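To start, the structure under review is shown below, and the notes come after it.
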Amino acid sequence: MAAGGECDVIMTPAAAAPMVASHPEAPAMLSDDDEDTGTRREAESFKEQGNAFYAKKDYNEAFNYYTKAIDACPSNASYYGNRAATLMMIGKFREALGDAQQSVRMDDSFVRGHLREGKCHLSLGNAMAASRCFQRVLELDHKNTQAQQELNNARTVLEYEKIAETDFEKRDFRKENSPESGLCLYRLYAWSSHLASSLWTGLSARCVVFCMDRALEFAPACHRFKILKAECLALLGRYPEAQSVASDILRIDSTNADALYVRGLCLYYEDCIEKAVQFFIQALKMAPDHDKACLACRNAKALKAKKDDGNKAFKEGNYKLAFDLYTEALAIDPNNRKTNAKLYCNRGTVNAKLRKLDEAIEDCTSAIKLDDTYIKAYLRRAQCYMDTEQYEDAVRDYEKVYQTEKTKEHKQLLKNAQLELKKSKRKDYYKILGVDKNASEDEIKKAYRKRALMHHPDRHSGASAEVQKEEEKKFKEVGEAFTILSDPKKKARYDSGQDLEEDGMNMGDFDANNIFKAFFGGPGGFSFEASGPGNFFFQFG
């Protein structure tokens, strides 16, 4: 802030300080026709007092005394220049710009005035106007190194601005950590180091944020740059940062339509749609032609209406209509990740109700891709995995839920899934017999009779050795299944997931033939007879 940190008068030894200019300029002398000698002396006294306060960094008092000097002698360029420097030190660049411009209007050869005007323009983000001011300084003093440095800074800001705005208009927003994003940043760093003049396309929103951060180092008071950065942060899902930038602007200017729009955009993307609409409407009151706020407001209202209609249809049991409405809502705005995650989950719930479990799993997976913290989507998908006997996947989802929310309910769901997974790795005796898990005793007996006869070794005595071996294995498994499921105590232990071998039952000791004989009644009283090609009948002795 060199241009704003020096005053334009020779200080007395008592008032000298590090912030005082090393090359001061003498005040412009006014003729007696304009100001009488007493008034000039009073104005100079005010200026010197202002300089003393400035040196002490008491900028408010310095401002007051410079203002008194201007009131006493309003046609002195250096007074305006000094007040501009004071305003710059307290960050009031717009007010400082007015004083700096007034100083150079009074004296076009006032170098410090041109420097301060340029610094104000640059701080406010008008790098083109700043460049003209610094070029004017170089015309007056071609060896002025500060002006040359500031001119380079202004050109740097113009380049960053051009890159950011060009790519923002293309809406080329990739994921923040994508390889393309890294390449773009590498190129930007290379450009900023060597001031290369070439531009390129394909920058992500992260690169736009990078450009604006660099530009704001030279233009800290530029609301336009801050808004562009905030909008990109919102598109990247970095809502607290975007809200912070917008809120800072609104504290300074509560009528800033762009800041109101960004504030609404953050709420919109966080699925606070009603509040978002209020901000969009407020932005449109400030700027009726604000196209972005108009589009966002329209999308927000349409999204809320479709979602509400879908929820209503679901509650009424009209699942087909609910599915169609959620699908239509998903097409409104692909960028609204959080709301779309809920829509996918809702549609997944509809598919689950329609017993389209694979489609339900797919929808829940889409929801989780959009919002990997969405517990409801994990729970819905886990239940679908349970219903389709994909127990390992169910356990994985329930573990994720329990790690996030350690409730008793979630713990029990996880235990149930783990139990079903353990049970699924054992022989499924119900499946072997071909009966439901709620089958009655009679149904189990009938199933055993059918399967035992189907796989009995005697029935396959004429088959190949390989077929005989396979059928013998199945015959044995049928016997095991019947032994367990026909005994209420063993069946209860099996259903509860207990390891039967750990309970002292060695499943390898089953004699399927003995079980068969016991079931059909009598030793050796049963035989298979061939009655034709591929046909058998059996008889009891």
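Of note:
- Count of Lys pairs (Cα-Cα under 18 Å; at least 8 positions apart or interchain) in segment 37-170: 6
- Carbon-plus-sulfur accessible fraction, segment 348-397 (probe radius 1.4 Å, protein heavy atoms only): 42%.
- Ligands, DNA and RNA left out, the accessible area of segment 218-266 computed with a 1.4 Å probe is 50% carbon and sulfur.
- Solvent-accessible heavy-atom area per residue, rounded to whole Å², over segment 278-367 at 1.4 Å: 53 Å²
- Under 27 Å of direct C-alpha separation, and excluding same-chain neighbours fewer than eight residues apart, LYS469 reaches these lysines: LYS423, LYS425, LYS427, LYS431, LYS445, LYS446, LYS450, LYS517.
- Accessible surface of ARG449 - all protein chains present, 1.4 Å probe, nearest 10 Å²: 110 Å²
- LYS423, LYS369, LYS400, reordered so the largest accessible area comes first (probe 1.4 Å): LYS369, LYS400, LYS423
- Computed over protein heavy atoms with a 1.4 Å probe, the accessible surface of segment 86-127 works out to 35 Å² per residue.
- Segment 32-161, dipole about Cα centre (Lys/Arg Cβ +1, Asp/Glu Cβ -1), debye to the nearest 20: 580 debye
- The alpha-carbon of LYS320 sits under 24 angstrom from the alpha-carbons of these lysines, leaving out residues fewer than 8 places away in its chain: LYS301, LYS304, LYS306, LYS307, LYS312, LYS338, LYS342, LYS353, LYS356, LYS376.
The values are calculated or read from the model by the stated rules, or taken from the named source; none is laboratory data. What you see is a predicted model, and the numbers here were worked out from it, not measured in a lab. Methodologically, a virtual Cβ is constructed for each residue, glycine included, from the backbone with ideal geometry; neighbour enumeration extends over all protein chains shown. Note: areas computed on protein heavy atoms with side chains; ligands, DNA, RNA excluded. Shrake-Rupley method; radii C 1.70, N 1.55, O 1.52, S 1.80 Å.
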